[in-house]
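The block underneath contains the structure these notes are about, expressed in structure tokens.
The values are calculated or read from the model by the stated rules, or taken from the named source; none is laboratory data. Quick caveat: nothing in here was measured; it's all calculated off a predicted structure. Cβ atoms come from the backbone with ideal geometry, glycine included; neighbour counts cover every protein chain shown. Please note that ligands, DNA and RNA were not included when accessible areas were found on the heavy atoms of the full protein model with its side chains. Shrake-Rupley method; radii C 1.70, N 1.55, O 1.52, S 1.80 Å.
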Amino acid sequence: MTQQPEKLTPAMKQYDTFKKKYPDCIMFFRMGDFYETFYKDAQICSQVCGLTLTSRSKGENPVPLAGMPFHAVDGYLKKMIKAGYKVAVCEQIENPKMAQGVVKRDVIRIITPGTLTDDMLLEEKQNNFLCAVGLNSKHAAISWVDISTGHFFARMIPENMVVDEILRISPAECILPDARGELFSEEIKKLASQIERSGSTTITYRPGWYFEPYDAYKRLIEHFGTKTLEGFGIKDGSGVISPAGAIVEYLKETQKTALGHISGIKLVEQKKFLQIDQVTLRSLEVLSTIRGGKGSLAETIDRTLTGMGGRMFRHWICMPLCDLGAIELRQDGVEELIEKKNSLEQIRGILKNFADLERIVARISTLRAGPRDMLALAQSLKKAEPLKQNLAGLNADIFVRLAKNCDTMQELAALLESAVGDDCPTHLRDGGVIKAGFNAELDELRNISKDVRTWLAQYQQREIERTGIANLKVGFNNVFGYYIEISNSNTDKAPSDYVRKQTIKNAERYITDELKKYEDKILTAGEKSLELEQKIFEQLRVQCCGFIQKIMSLAEIVAMVDCLAAFAQLAISQNYTRPKMTNAAELAITDGKHPVLAEILGSEFVPNDVELGISNNADVMIITGPNMSGKSTYIRQTALLVLLAQTGSFIPAKQATIGLADRIFTRVGASDEIVRGQSTFMVEMTETANIVNNATEKSLVILDEVGRGTSTYDGLSLAWAITEHIANNIKCRTLFATHYHELTALAELLVNVKNCNVAVREWMDEVVFLHKIVAGGTDKSYGIHVAKLAGIPKTILERSKEILAELENTFQKETGGEKFTKQRTKEPETAMLFDQKEKDVLEKIKSLDVNNLTPIQAINLLNEIKDFLKKQ
Ligand SMILES: Nc1ncnc2c1ncn2[C@@H]1O[C@H](COP(=O)(O)OP(=O)(O)O)[C@@H](O)[C@H]1O
Ligand SMILES: [Mg+2]
């Protein structure tokens, strides 16, 4: 790929060295006013960014090259990162004018999808996580950090939940140990392929020593400046040390700056949060919709006004709480804001246009803050003061606590305000950032440049008087700088201290000592004032660094207030009520609505009740009803309401009592989710196994057409067995929407199973869906009616009615209708309605051509079948 070293220019040799050091990065190589990319990088860049591909040297081995102007680099970086690449930025680290030989360069930063800090590259309301996974024989651990906000987490996790957790975090990048020849290479390979399938996470392999617990521990305490990690709740020898330490090493490798804003790590304890696995998160469309596009829960109900609030909001709805006290603490806050609309309005008024303090702090800490960051920080700190006063006027415990801890740092606000002007430019390099009056030396330097004209006019006047040459002129050109020009007729009057510099057609040009000195002063004054501004700015930055902790805790307070105020705003605008939360396994919702659909459909949405658990002695509810009648909506709505209630939010219902759930499981039958491309039956089986193995009596299970992914008998038996198992053994709150009407028979057999169906009105051979869930089962499928609604031609509809009638007939005859249900209850543990043997026999009989069978053949066959069935 690269050329013979001896043929390379010095700059290209330099390039080669850096490229070897960062082989997995695209190298942006600074050359003057451009960043250049070479060889394969150039080809990739030209494809991804649409840059023109040219070549550097002509001749035998032209080097492919694609370049971009330095000031436009952000846009190109964004494209490369979005496409999943890592970019190493190699800068000139000395002034090319001063350089002897080739300019010194160095890689100053590596930008990877998981280590972004620039607003331009980030989504405002989404965290940008980098995560790492540690595996060893005993346990798995995950750690994740958002360096754009400073949030750093870690948790131990059962191995079978690692993928779920990673997909919940949905990191932009995931670090795994380079698996070749390692102990866990198989596990790591499998993990990587599962993560990669999700599509949005870049996988980065790093050597095993990144994860070595001993070094990782040392790295962490060194980074935090602590003696141990106990203050973070992390015991010596904890499994989380390995991935957390790997993250710190990777940040060092890529950032090459201080990371003071990552000042602590939070240990996430599993028991504190409602567990939502990734299948559930997806099928409930919590963060994004299954088919992409608008309509996720987060998007629909988010009323937050700040980036920090938006990110916390998403965090809250992905990790609802499991602790009654913690939930009620939030609920009390929301309730008070609903009651005191004035305060709510004032608070939201302040939050509007509140700067993203977390991201500003991240940039301050990593030396990437610009003038506007300082300005925004100053302005928001000033707004924090009235916010604090508003909080102090509220009574709910959560606000009392927040107000007490709210330090608004007015001294920092005042300092920044006196230093940075309201109209400051985006880039420090443009100058004019620091306000007049902040620094006397800077003011003087700026005055010099400003006074140029006056000084030159005065100087010209003085020289005219001294020499007596009336048409003497002082001028400037780019090549020779300042000069005194005397026309040829007067050159003899030029004083002896005039040094001739240039001859033009009708005149001579001179320079004097005084003019030369003044010229130097002006030219350097510009440079000097820029330099000084940078120095002052750096001092301000250092001063801000002293406030990092305080700014981060203020940011957290603002985010929390934003979330609570958003819940209040949502409750007011959509008529939500406060659910009564309990520790019992109960669930009673009156007139509940689907939070997303109800917002779209408005009053057309038909509210529904749910009663499960101790309140009506039913753990399992089987919901039957025609296609498109609202089954899926109903069961998902129930799950969403429980989830939402456990975040501390109010919910769309008239009244609700909700017993805390420890986990929510949702499984959607294959045909409702065709996109995944695995063997559908296999998917259903594994996912169902997961429920059966992990659900407890406090879980909420939502099953939507499970069993659909396979043939009728298999599917029905599977559905039957799962329901039986849940009702008999797990006894957790379960909603099962199914088109297997046969399942309704279970309600007669098991005390804690109840039937419901979706009310339908038939009117002049038309079906009207009322979307109302009522007690009792259905025995009719309305699929053909739905087909009619969808515009299927009449002839086909008529024919399908015939077929349906025939099928129903056959089913009754072949199986004896209800008989099989009774037979099953005798052996509740058997999963299948018919075992394989019986099925084989049935198949055989079905395929017989009886008319062409001789009596002897018939008798032989009967014997054969009997023997076959006897063989056990
Ligand atoms: N409670 C409701 N009120 C109004 N419309 C509803 C309601 N429930 C469902 N719908 C409408 O019916 C459509 C089909 O609902 P869905 O739950 O998918 O039916 P099913 O699962 O029974 O096939 C939804 O897209 C929605 O537009
Ligand atoms: Mg459905």
Which members of the range 191-227 meet the condition of being open to solvent by 70 Å² or more (accessible area, probe 1.4 Å) and acidic (Asp, Glu)? 196, 212, 222
Within the range 476-517, take every residue that is among the basic types (Lys, Arg) and under 60 Å from the mean Cα position of the chain (by Cα) and give me the one that is surrounded by the most Cβ atoms within 10 Å (Cβ to Cβ). 516
Selection status of residue 364, farther than 28 Å from residue 648 by Cβ and under 29 Å from the mean Cα position of the chain (by Cα): yes
Taking residue 459 as the residue in question, decide whether it is at pLDDT below 95, of a type outside the set (S, T, N, Q) and in a helix (DSSP H, G or I). yes
Kindly evaluate residue 312 against the criterion of being surrounded by 19 or more Cβ atoms within 10 Å (Cβ to Cβ) and over 15 Å from residue 570 (Cα atoms). yes
Hits in the range 638-650 (condition: within 16 Å of ligand 1 (Cβ to nearest atom) and either closer than 12 Å to residue 703 by Cα or in contact with a strand residue (DSSP E or B) (Cβ under 7 Å, 6 or more places away or on another chain) (or both)): 638, 639, 641
Anything in the range 413-450 that is within 27 Å of residue 384 (Cβ to Cβ), in contact with a Gly (Cβ under 9 Å, 6 or more places away or on another chain) and open to solvent by less than 20 Å² (accessible area, probe 1.4 Å)? List them, or say none. 421, 424, 433, 434
Among the candidates 596, 606, 561, residue that is outside the structural domain of residue 716 (by TED's automatic domain parsing) and not basic (Lys, Arg): 561
Is there any pair linking a residue in the range 593-604 that is charged (D, E, K, R) to one that is open to solvent by 30 Å² or more (accessible area, probe 1.4 Å) and away from ligand 2 (no atom under 16 Å from the Cβ), with Cβ under 8 Å and at least six apart or on different chains, and which? 593/607; 599/574
Residue match in the range 584-607 (condition: polar (S, T, N, Q) and either within 16 Å of ligand 2 (Cβ to nearest atom) or touching a helix residue (DSSP H, G or I) at 6+ places or on another chain (Cβ under 8 Å) (or both)): no
Answer yes or no as to whether residue 645 is modelled with pLDDT of 85 or more and either within 20 Å of residue 774 (Cβ to Cβ) or more than 16 Å from ligand 2 (Cβ to nearest atom) (or both). yes
Checking residue 602 against (1) within 16 Å of ligand 1 (Cβ to nearest atom); (2) open to solvent by 10 Å² or more (accessible area, probe 1.4 Å); (3) at negative phi; (4) of a type outside the set (Ser, Thr, Tyr): exactly one of these is not met. Which one? (3)
Do you know which of the residues in the range 315-339 that are touching a helix residue (DSSP H, G or I) at 6+ places or on another chain (Cβ under 6 Å) and over 19 Å from residue 659 (Cα atoms) is surrounded by the fewest Cβ atoms within 10 Å (Cβ to Cβ)? 338
Which one of these does residue 402 not meet: (1) under 27 Å from residue 641 (Cα atoms); (2) open to solvent by less than 40 Å² (accessible area, probe 1.4 Å)? (1)
Strands (runs of 3 or more DSSP E) wholly in the range 52-134 with at least 3 residues that are open to solvent by 20 Å² or more (accessible area, probe 1.4 Å) - which ones? 64-69, 105-111
Considering the range 611-637, residues that are more than 12 Å from ligand 1 (Cβ to nearest atom) and outside any loop (DSSP other than H, G, I, E, B), and then whichever is most open to solvent (accessible area, probe 1.4 Å), we arrive at 611
Please verify whether the range 729-737 includes one or more residues that are in the same structural domain as residue 635 (by TED's automatic domain parsing), within 16 Å of ligand 2 (Cβ to nearest atom) and at pLDDT below 90. no
Condition check: part of a strand (DSSP E or B), at pLDDT 85 or above and away from ligand 1 (no atom under 15 Å from the Cβ). Does residue 723 satisfy that? no
Name the residues in the range 569-592 that are closer than 24 Å to residue 732 by Cβ and assigned to a loop (DSSP other than H, G, I, E, B), would you? 579, 583, 584, 585
Suppose we filter 188, 203, 262 for residues that are touching a strand residue (DSSP E or B) at 6+ places or on another chain (Cβ under 6 Å), in a loop (DSSP other than H, G, I, E, B), of a type in the set (A, V, I, L, M, F, W, C) and in contact (Cβ under 8 Å) with a residue 24 or more places away in the chain; which single one remains? 262
Output for Cβ contacts, cut-off 7 Å, separation at least six or different chains, first residue open to solvent by 100 Å² or more (accessible area, probe 1.4 Å) in the range 522-535, second assigned to a helix (DSSP H, G or I) and modelled with pLDDT under 90, reads 528/445
Quick check, is residue 268 in contact (Cβ under 8 Å) with a residue 12 or more places away in the chain and either over 25 Å from the mean Cα position of the chain (by Cα) or surrounded by 21 or more Cβ atoms within 10 Å (Cβ to Cβ) (or both)? no
Checklist (1) closer than 19 Å to residue 153 by Cβ; (2) under 16 Å from the mean Cα position of the chain (by Cα); (3) open to solvent by 40 Å² or more (accessible area, probe 1.4 Å) applied to residue 273, failing item: (2)
